[in-house]
Amino acid sequence: MRKFLSLVAMLLVTAASFAQKGPQIKFKAMDNTIDYGTVKKSTDNGVRVFEFVNTGDQPLVITNAKSSCGCTVPSKPEAPVMPGQTGKIEVKYNMNPGKISKVITVESNATNVDNGVVALKIKGEVITE
């Protein structure tokens, strides 16, 4: 019995040492997507905000936020986001009439996503009337 308990204790210590450490990013938007829905160009400024939380144990640094085209402009936080704190990435779409389907690539030092890169999406439709 003593050997069994020692083995279980060793396994728990080993498992804990392999747990992810460092900054981690978790976005609040379902599937990392914001749906504009159907919006009127004359009444909507095109700005939306992706909120995220640093669920890790070290500061999260957003190094870059870029769009798949010039019609969408993201802005990232300049200061590191401390563990447990919330950050925001603001996205401004230029409200060209038609369907919206754009990708914003966020680069960071997050350890819970491949290479620290997360794809955010906006979708919807802009109408003139």
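The values are calculated or read from the model by the stated rules, or taken from the named source; none is laboratory data. Quick caveat: nothing in here was measured; it's all calculated off a predicted structure. Because the Cβ atoms are built from the backbone with ideal geometry, glycine has one as well, and the counts that use them run over all protein chains shown.
A few notes on this one:
- Cβ-Cβ distances below 9 Å connect the following pairs, each with a first residue in the stretch 20-40 that is in contact (Cβ under 8 Å) with a residue 12 or more places away in the chain, a second residue that is exposed (fewer than 12 other Cβ atoms within 10 Å of the Cβ) and of a type in the set (Asp, Glu), and a separation of six or more residues or different chains: Lys40/Glu129.
- Residue match in the stretch 69-88 (condition: of a type outside the set (Lys, Arg), more than 12 Å from the chain's Cα centre (by Cα), surrounded by fewer than 15 Cβ atoms within 10 Å (Cβ to Cβ) and in a strand (DSSP E or B)): yes
- Set side by side, the residues Val53, Val118 differ, and just one is within 11 Å of Ile25 (Cα to Cα), in a strand (DSSP E or B) and touching a residue at least 60 places away in the same chain (Cβ under 8 Å), which is Val118.
- Failed item in (1) part of a strand (DSSP E or B); (2) more than 30 Å from Lys40 (Cα to Cα), with Lys102 passing the rest: (2)
- Residue in the stretch 73-96 that is within 12 Å of Ile25 (Cα to Cα) and acidic (Asp, Glu) present: no
- When the residues of the stretch 29-65 are filtered to those that are loosely packed, with under 12 Cβ neighbours inside 10 Å and under 11 Å from the mean Cα position of the chain (by Cα), the one that is modelled with the lowest pLDDT is Met30.
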